[in-house]
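Let me begin by presenting the structure, written as structure tokens, before commenting on it.
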Amino acid sequence: MKGPENQHDERALIEAAQQDPSRFAELYEIHFERVYAYVARRVGERSAAEELTSHVFQQALANLGKFKWRGAPFAAWLFRIAANAIADRAQRLRREAAGESSHKPLESAVGSTPNAGVDIDLEQIETVARVYRVVDELPWDQRHVIRLRFAEEKTIREIAQQLSRSEGAIKQLQFRALQTLRARLSEQNV
């Protein structure tokens, strides 16, 4: 979904959501892809990214009344919430890893460095969000293969078994999907 046209539109959406929390859904729709892309890039696990993204929006809704408009994009506030959630998760995983084994390297237990999520690269996040949007425009079977292959990191054989198709059919679906993605992304200069 396309974002607000200007700061005035975004501010109006925020103020409406502060008055009526059911209006928060509009802000969620506008910012979900970018927040998910930001989180997914830093945690590397789909289930953790989904859980953290959900947490970010729960926190945003719970604290929306405290949000003060200062001219910065609403997304910056969401990214700050996300960075804090990622840091909290990393700290919790480090504590758990330290309790399990003092021999295990912390980075491998956490999945990222302790400062992961602190630097916000809005351009990178926007690029990843555009890729997600283009993948969502693919035909169902191609989209499903791409998600299984790259998001869930399944092998061609595993996907073929799951979808009850031959490995050749899965390779062909993947090839066509990647061709379409390349073409559409090059049109958008991603």
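Throughout, read-outs are computed from the coordinates displayed, never taken from laboratory work. Since this is a predicted model, take the numbers as computed values, not measurements. All Cβ positions, glycine included, derive from the backbone under ideal geometry; neighbour counts span all protein chains shown.
Describe numerically, in nm with one decimal, the distance between label points set 7 Å from Cα along Cα→Cβ at Arg94 and at Arg143.
3.9
So how far apart, in nm, are the two label points at Gln19 and Gln161 if each is 7 Å from Cα heading toward Cβ?
Once both label points are built, they end up 5.7 nm from each other.
Of the peptides 58-66, 27-35, 139-147, how do they stack up when ordered by the mean number of other Cβ atoms within 10 Å, highest first?
27-35, 139-147, 58-66
Explain nothing, just compute: Karplus ³J(HN,Hα) = 6.51 cos²θ - 1.76 cosθ + 1.60, θ = phi - 60°, for every residue of the range 135-142 in order, whole Hz, x for Gly and Pro.
Working through the residues one at a time gives 4, 5, 8, 5, x, 3, 5, 5 Hz.
Roughly how many nanometres apart are two label points built 7 Å out from the Cα toward the Cβ at Ala169 and Arg80?
Spacing of the two 7 Å Cα→Cβ label points: 5.2 nm.
Return the sequence-ordered ³J(HN,Hα) values of the range 58-72 in whole Hz as given by the Karplus equation 6.51 cos²θ - 1.76 cosθ + 1.60 applied to θ = phi - 60°, using x for Gly and Pro.
So the Karplus estimates, Gly and Pro as x, are 5, 5, 4, 5, 5, 10, 4, x, 8, 5, 10, 5, 10, x, 7 Hz.
Amide H of Lys154: which non-local residues (sequence gap of 5 or more, or other chain) have their own amide H closer than 5 Å, using H built in the peptide plane?
Those qualifying (amide H under 5 Å, at least 5 residues apart or on another chain) are Arg149.
Take peptides 45-53, 149-157 and line them up by average Cβ neighbours within 10 Å, highest first, as a rough protection proxy.
For the peptides 45-53, 149-157, the packing ranking is 45-53, 149-157.
List the pair-distance distribution P(r) of the range 137-190, using every Cα-Cα distance, as the percent of pairs falling in each 5 Å bin from 0 up to the bin containing the longest distance, rounded to whole percents.
Distribution as computed: 4, 22, 29, 23, 12, 6, 3, 0 percent.
If you plug each phi of the range 178-186 into the Karplus form 6.51 cos²θ - 1.76 cosθ + 1.60 with θ = phi - 60°, what whole-Hz ³J(HN,Hα) values come out, in order, with x for Gly and Pro?
So the J values, rounded to whole Hz, are 5, 4, 5, 4, 4, 5, 5, 6, 5.
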